[in-house]
Amino acid sequence: MSPSSLADSHQVAISPFNDQKPGTSGLRKSTKQFQTPHYLESFIEAILRVLPGVAGGTLILGGDGRYGNRSAIQVILRMAAAHGVARVITTTDGILSTPAASHLIRTTPGVVGGIILSASHNPGGPDGDFGVKLNGPNGGPAAESLTDAVYGATLSLDSYRTVAAPALDLSKPASHRLAGLAVEVVDGVSDYVSLMQRLFDFDRIADLLRSDFPIVFDALHAVTGPYATQIFEDLLGCPVGTVRNGVALEDFGGGHPDPNLTYARDLADLLLEGDAYRFGAACDGDGDRNMILGQRCFVNPSDSLAILTANAQLVPGYRDGLAGVARSMPTSAAADVVAARLNIDCFETPTGWKFFGNLLDAGRITLCGEESFGTGSNHVREKDGLWAVLFWLSILASKRCSVAELVSAHWASYGRHYYSRHDYEAIDSGKADALFDRLRGGLDRMAGQRFGTATIRLADEFSYCDPIDASVTSRQGLRILLEDGSRVIFRLSGTGTKGATLRLYLERYEPSGGNIDLDPQRALADMIQAADALADIHGTTGMDRPTVIT
Ligand code: G1P
Ligand code: ZN
């Protein structure tokens, strides 16, 4: 730190906050909470004190464009200057998708970390949510040890350091100085788009899209709008209008930017009820999630990972084959079946992208995914929504078939995993904890009991020992494993901001491929009933149906 860089820096006295424990995706709270005095500053101060290499280092800074992003960027720039950061690279209007941020962190020399302002798929605006995500120099979500240290620092803060300076103009690429800090405003879209052009054969995809294969992409007024418009409409030659809701808005147009059948209903209706499009997709607020739809066909995210794994060699970036694959524990075992046939490793990790980081860094896996509409690869260290869309289009361009044909051929070859997730949102936290305590207390006695039409083989609480650094993460979901290979999992969300969210995951395997037309809710009906009987979800929550069924 040169003394001149700190010339205008000063301390602001604050009281410590004890509610800043980051969850699976950073610190996520209501916008209102973030607006309480010094709340944002406290968390940023903790990051700047704890992140190794901050003084003299380079930071990447951007976000999903939601309400509060622009002002938070100005706050963080002033605090970075006061902490002796040498350089901050931020983007035009602060627009930077999570996967694009990961790429920028990985490809910029001297980067010690990234701060991504997003509450992912949660609604935005003054009445919505805001969030701060910290990424490490490998481009992935900060390791638990780092986020624990940041949290620890928030508990004893009595001041933060900042400089007095006017707001910078972030509306166009430029270089600025703020005390001793160099601020570079770059275009947040172009590097990411070039990466996609290296991984995928754009000419081949463009051929498909010209051949009576109309597609539609819904950006849900969130960060992928500008990326998708450039990729689909400018580079792949799709007609203007292919990208719906493509203008990023601070409140996402009042919507809930989560690409699933509930919150991306308009898109789902276009594909599932109509015949105008052969392919549809959507991404979430910060661009890391994806939903894939075909004409009259919804692709379950667990199946999506399996299908990408099975067909990866058709895609230029993955032509040499895969080192291995990983999925989060509640994700169906569809990818396991493909991995076994390919004779590659398949790892089962706790929920949350950060658990893939070590495996990716060590070169043990190439693809990974979660049932929660997250799919990605070793090209970045975050899940990547548009990457998944381009991967699907590449496979379809190669196979020249419909989405439904690809999915049913996959089931015929590998068997079908009937799968569903039921979410009970915003339930009373005390009631949710009581439900879990009750279930946890009974796990030991469950083996041998009937569960629907099958018998429980084993019931336990998932814990994970990282194969690379041997760190152990426990209490990652209650698992009920049935003798016929079916699984039921109970988990509490780590990303909700209102009360607790109970997630119930259900899976049943049919090696023969099963019935293509059978709705998973029907295929899983006896397990759904048995899960409710076991946990008394309805009695405990007072809800007679889940908030979201996937
Ligand atoms: C949810 C998903 C999880 C994902 C996370 C961040 O977390 O279930 O797979 O990694 O969002 O996108 P949860 O709310 O279940 O803790
Ligand atoms: Zn997200």
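With the gyration tensor restricted to C-alpha atoms of the range 33-120, the semi-axes of the equivalent ellipsoid amount to 19, 17, 10 Å, longest first.
Highest mean packing comes first when the peptides 508-514, 467-473 are listed by Cβ atoms within 10 Å, giving 508-514, 467-473. When both the range 495-550 and the range 276-303 are represented by their alpha-carbon centers, they are found 21 Å apart. Going from the fewest other Cβ atoms within 10 Å to the most, the residues Cys346, Cys238, Cys465 appear in the order Cys465, Cys346, Cys238. Here the peptides 79-90, 104-115, 64-75 are ranked by packing, the mean other Cβ count within 10 Å, and the order with the highest first is 79-90, 64-75, 104-115. If I model the range 52-185 as equal point scatterers sitting on the Cα atoms and use the Debye formula, what is log10 I(q)/I(0) at q = 0.12 Å⁻¹? Log10 of I(q)/I(0), two decimals: -0.44. The simple spin-label model puts a point 7 Å past each Cα toward its Cβ; for Ala426 and Ala340 those points are separated by 4.3 nm. Size check on the range 364-484: the Cα extents along the three principal axes, sorted descending, read 51, 38, 33 Å.
Over the chain, the Kirkwood radius and the radius of gyration, each from Cα atoms, give a ratio Rg/Rh of 0.97.
The orientation-averaged projection of the convex hull spanning the C-alpha atoms of the range 183-223 amounts to 4.3 square nanometres. For Pro520, the shell of other residues with beta-carbons less than 14 Å away shows a net charge of -2, using +1 for Lys and Arg and -1 for Asp and Glu. Residue pairs exceeding 22 angstrom between C-alpha atoms, taken from Lys32/Lys133; Lys133/Lys431; Lys383/Lys498; Lys29/Lys354: Lys133/Lys431; Lys383/Lys498.
Bear in mind that the values in this text are calculations on the coordinates, not laboratory data. The structure presented is a predicted model; accordingly, all values stated were derived computationally and were not measured. Cβ atoms come from the backbone with ideal geometry, glycine included; neighbour counts cover every protein chain shown.
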